[in-house]
1. For the stretch 73-79, what does the Karplus curve 6.51 cos²θ - 1.76 cosθ + 1.60, with θ = phi - 60°, yield as ³J(HN,Hα) per residue in whole Hz, taken in order and with x for Gly and Pro?
2. If you wrap a convex hull around the C-alpha atoms of the stretch 241-306 and split its volume per residue, what is the figure in Å³?
3. Using 0.36 nm times the number of residues separating Ala235 and Arg251, minus their current alpha carbon distance, what extension gain do you get?
4. Counting other beta carbons within 10 Å of each Cβ, put Tyr147, Tyr301, Tyr383, Tyr5 in order, fewest first.
5. Compute the normalised compactness of the stretch 1-146: alpha-carbon radius of gyration over 2.2 N^0.38 Å, N being the residue count.
6. Length gain on complete extension for the stretch Arg260 to His216, per 0.36 nm per residue less the alpha carbon to alpha carbon distance?
7. Grab the DSSP H runs of the chain that are 4 residues or longer, score each as -39,500 (n - 2.57), total them, divide by all residues and round the 222 nm result to the nearest 500 deg cm²/dmol.
8. Test of understanding: in a Gaussian network model of the chain with alpha carbons linked when under 10 Å, which of Leu349, Leu101, Leu192 would top the mean-square fluctuation ranking?
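Since every read-out is calculated from the coordinates, none of them should be taken as a lab result. Predicted model only: the values in this text are computed from it and were never measured. Glycine also receives a Cβ, built like all others from the backbone with ideal geometry; neighbour counts cover every protein chain displayed.
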Amino acid sequence: MAEFYPSVRDPVLGVWAHRQALAARAAGAEVHVLVLHRLVPPRASFTGGAGGAGEALSARIREPHRQTRDGIPVTFIPFVSPPRERHYPGWGAWAAPGLALALARLRRSFPFDLIHAHNAVPAGDAVRRTHPRTPLVVSVHGGDVLYTSTRSRGAEAVAQGLGAAALVLANSEGIAAMARAQGASRTRVVHLGADLPAPPLAPRPGGPATLVTVAHLVARKRHADVLRALAVLGARHPTLRYAVVGDGPERIALEGLAARLGVAERVDFHGQLAPEEAIEQTRRCTLFVMPSTEEAFGVAYIEAMAAGVPAIGCRGEPGPEEIAAAGDGFMLVPPGDIERLTQRIDELLSDPQRLREAGQRARATVAENFTWSRCGEETLDAYRQVLA
């Protein structure tokens, strides 16, 4: 069960949770998904102009409560709650009554063995409050321990959600350590995955070299650092382009920065794309660059690497450090160090042989460590560990 999951309204939201559900099913689990479906739209909808909030609310109300996605039955459980900014740690209490009814109904037709909640808050906390008769597994993707626990009453809510779990799955060793420090009694690392295109990979189309980032447009993803590196690299690589895949609150600021730096004509803002389209766009590019901070894992890195596109991330972050330690084809730079970022990009672009070999090693790293089939097998093994 999850708060973020693909839907008719938003087929991209929480796609990683859906992919893990598919992977677990492929490994042998029977799966039914429950989604905590908050009816009140985000605060941003109320300042987005005429019709913004009304349209957002209408779309949420129209969301079908029963859906099927890739053969997996999905049930959306509506709930209302106060605004996210101040009350997010308490959302589990608001969602619990509807969840309790949904679990009781589901048990009559689907006698499930355990509940796997994505994130301690609100999903894990909501399950805890229903007093389920089955074990609870909680996946921590970073938000619980990096953000929610820092809010008012957030630490208590996270600790209770983690403490109620028979096992906490973390997406990296660093996040597992943080989960233990914040209330988890047992942890296990299960990496998310990527699809590995069948070799040989199609040759990339000719044309200028292109950097690419696939991420929500928020400050911590540090798209601005890549824009500044692009501006510096213009002297040595005048045709170099930058593809930005994703949308978010930083878009206007990033477009303005690109204009001020004189690189706007070499930057393509593609907006949010469907997952398959985003991956295909990445495969057409030369180098994946996302020097983000507070990065718990980073599925976008390994999706690029699976296609033979080497990637650059930030040193000192849980996910990037773990991906880099697993094999080659992934490079680290100090956070906020635009000069070192620029140098690393230049080194790869200036040596086609080195770039090609980095891509080959990147693909090998994913094949050995970060496939969806491996994620599914390890998820199912974690379930067996809990039920033993």
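1. Ordered by residue, 3J(HN,Hα) equals x, 10, 10, 8, 10, x, 7 Hz.
2. 103 Å³
3. Here the answer is 3.2 nm.
4. By the 10 Å Cβ count, ascending, the order reads Tyr147, Tyr383, Tyr5, Tyr301.
5. Output field value: 1.04.
6. 13.7 nm
7. Taken over the chain, the calculation gives -13000 deg cm²/dmol.
8. Maximum among the listed residues: Leu101.
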